[in-house]
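Take a look at the structure below.
Read-outs throughout are calculated quantities, based only on the coordinates presented, and are distinct from any laboratory measurement. Treat the numbers as computed from the prediction; the structure is a model and nothing was measured. No Cβ is skipped: glycine too gets one built from the backbone with ideal geometry, and neighbour counts run over all protein chains shown.
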Amino acid sequence: MSKNINILIIREVFTDKSVIGSLSINGEVFCDTLELPFLDNQKSISCIPAGSYDVRLRLARESATRDYLHLLVQDVPDRSYILFHIGNSAKDTRGCVLVGRGREQDFVQNSTLAMDILMQEIIYLGGKNIKLIIKNN
């Protein structure tokens, strides 16, 4: 039986270009995140609102652009295809969550490594019953 997987993102650093946060799984800090600034949840130019969401694994074959296992955030009001994926700066996202290990202003590092480690942990925990909570610090 798979356990619940609780992903918590605490948004910590807000600039006019990005929002940097830290991501924990079941209480353990895993990686950094980079999102676009909040612009009223507008498609392709804003991060999603802080709140609680269901998440599911999304296979590479389900995506035209991501050739690796990634995460899909479900039931975001007025938005679709909000993903967790590889990327380093705001230019790499259109409203999705980028993951990295290491951060600078408006930039996350080692994104491919962070994605690999994140997916390994989620699969290890069963890959189902994934809840995302996003909080603004």
Original post:
Given H placed 1.01 Å from N in the peptide plane, which residues other than close sequence neighbours of Cys31 have an amide H under 5 Å from its amide H?
Top reply: Leu23
Subject >> Kirkwood-based shape ratio for the chain, expressed as Rg/Rh from alpha carbons >> reply: 0.92
Subject >> segment 5-136, relative contact order [Cα under 8 Å, separation at least 6], % >> reply: 30
Original post:
Of the lysine pairs in the chain, how many meet both conditions: Cα atoms under 29 Å apart, and a spacing of 8 or more in sequence or different chains?
Top reply: 13
**OP:** Using the 2.2 N^0.38 Å rule of thumb for compact globular proteins, work out how segment 1-67 stacks up: its C-alpha Rg over that value, please.
**Re:** 1.28
Original post:
Which residue, chosen from Tyr53, Thr15, Val108, occupies the Cα position most advanced towards the positive end of the dipole of the chain, where the dipole is computed from +1 (Lys, Arg) and -1 (Asp, Glu) charges on Cβ about the Cα centre?
Top reply: Tyr53
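Please compute the contact order of segment 69-137 in relative form: average sequence separation of alpha-carbon pairs under 8 Å and at least six residues apart, divided by the residue count, as a percent. All intermediate terms of the calculation are to be shown ahead of the outcome.
Details: 86 pairs, mean separation 15.2, N = 69.
The value is 22 percent.
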Subject >> In degrees, nearest ten, helix 111-124 long axis to first principal axis of the chain (Cα) >> reply: 30
Subject >> Cα centre as origin, Lys/Arg/Asp/Glu Cβ charges: the chain dipole, Debye >> reply: 300
